[in-house]
Every structure is written in structure tokens, then in C-alpha cells.
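Scroll down for the structure; my scribbles are underneath it.
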Ligand SMILES: NC(=O)N[C@@H](O)C(=O)O
Ligand code: NI
């Protein structure tokens, strides 16, 4: 089984896949007479297609532990999808770029360690693994497209990939 090295999640490292939703290192401006910092437009919600609309949901992800086994990916061709932790649970983000034919480019498969103060916003059509809460059940705010139309493609990878705890 091929080994996938776990990387630290940063805006720069994740830029080709979407946005990192975090306070640390993000720009802000004061509102409410200076009592509040607004960290503005950390990610954009993309919604395409007839009958689609942006919505706010929540997800409670089952706990997964290392070593993780990755053998499939999914994408949402009609909209972006974000996961923002809200009960202090870290999670693992696995993404891949697309080949010209639209399938995942496994040579570019990457795994990121997202801490509980970091969320992600997958760009529309970004290949990603479904939610992987790490070590305990995780609650997440989900902002994505709801409505009619086909908005989830799944593919099996050519092989399984193993993710181990960062040493
Ligand atoms: N559909 C949904 O809420 N979640 C998945 O798309 C996922 O990426 O976990
Ligand atoms: Ni998804």
C-alpha cells in the first residue's frame, strides 16, 4: 500500500484545492465600533446549476484513527463544500488535482492535517475524501450547495494509500 505523507495545512499549500478557513494569519478589519474583528471572505461559496442554492448544514463525523486507508475520492461538480470544526476535533483532508479527462491525478494526491481551529472550503469540483474526523467524533459546520441536480461523483483510486501519524 502506497504511503501518503501528512502535510501541515496552510493557505498557501492548499491554494490549488480551495481555502483554509482560519483566524491565525488571516486579515481582519474592525466592526461594531471596534468590539469585533471581521475576518472577511475567507472563502467563497460556489453554486452552479438550476435549482441549486447555498445552505448551512452540520455534520457529525465518526472517529477515525491512524493508520488511515484511502481508496476513493469524491467531488461536487456543481458547488464548493466547506467543513468548519465546531467541537474541537482535528480532521484529515485528502485532495487531488484533476487530470485533463477530469479524473483525479493520483500523482498529485495530498493529505493535510487540519487542526480544530482550521476549516477548509473545497473549490467546486475539487477531488477530496469524505470527512475524516481524527480520534473522536467531530461536529462540523458544512456550507455547500443543496438542491436538484447531480452533485457528487465518486471514484475508486487505482490503489489504496496509507496515512500514518506524523512522527
Ligand atoms: N455530502 C456531505 O455532506 N459530505 C461529503 O460530501 C464529504 O465530503 O464528507
Ligand atoms: Ni464532499
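In cubic angstrom, how much convex hull volume per residue do the alpha carbon atoms of segment 39-90 span?
Measuring per residue, one finds 138 Å³ for the Cα hull of segment 39-90.
Quick one: among 108, 52, 88, which has the greatest mean-square fluctuation in a GNM of the chain with alpha-carbon springs under 10 angstrom?
108
Who wins for biggest fluctuation among 144, 19, 117 in a Gaussian network model of the chain, springs between alpha carbons below 10 Å?
117
Can you sort 158, 35 by how many other beta carbons sit within 10 Å, fewest first?
Going from least to most buried by this count: 35, 158.
Taking other Cβ within 10 Å of each residue's Cβ, how do 141, 132 sort, fewest first?
141, 132
If you rank 28, 127 by fewest surrounding Cβ atoms within 10 Å, what's the result?
The order, fewest Cβ neighbours first, is 28, 127.
How many nm separate the modelled label positions at residue 72 and residue 48, each set 7 Å beyond the Cα in the direction of the Cβ?
2.3
So, R0 is 22 Å and r is the distance between the beta-carbons of residue 62 and residue 11; what FRET efficiency does that work out to, to 0.05?
Working from the Cβ atoms, E equals 0.20.
What number, in nm² with one decimal, is the all-direction average of the projected area of the convex hull of the alpha-carbon atoms of the chain?
10.8
Normalising by the residue count of segment 2-163, find the relative contact order in percent from Cα pairs under 8 Å and 6+ residues apart.
Relative contact order, segment 2-163: 38 percent.
FYI, it's all coordinate maths here, none of it is from the lab. Just so we're clear, the structure is a prediction, and the values are computed from it rather than from any experiment. In this analysis, Cβ positions are derived from the backbone assuming ideal geometry, glycine residues included, and neighbour counts consider all displayed protein chains.
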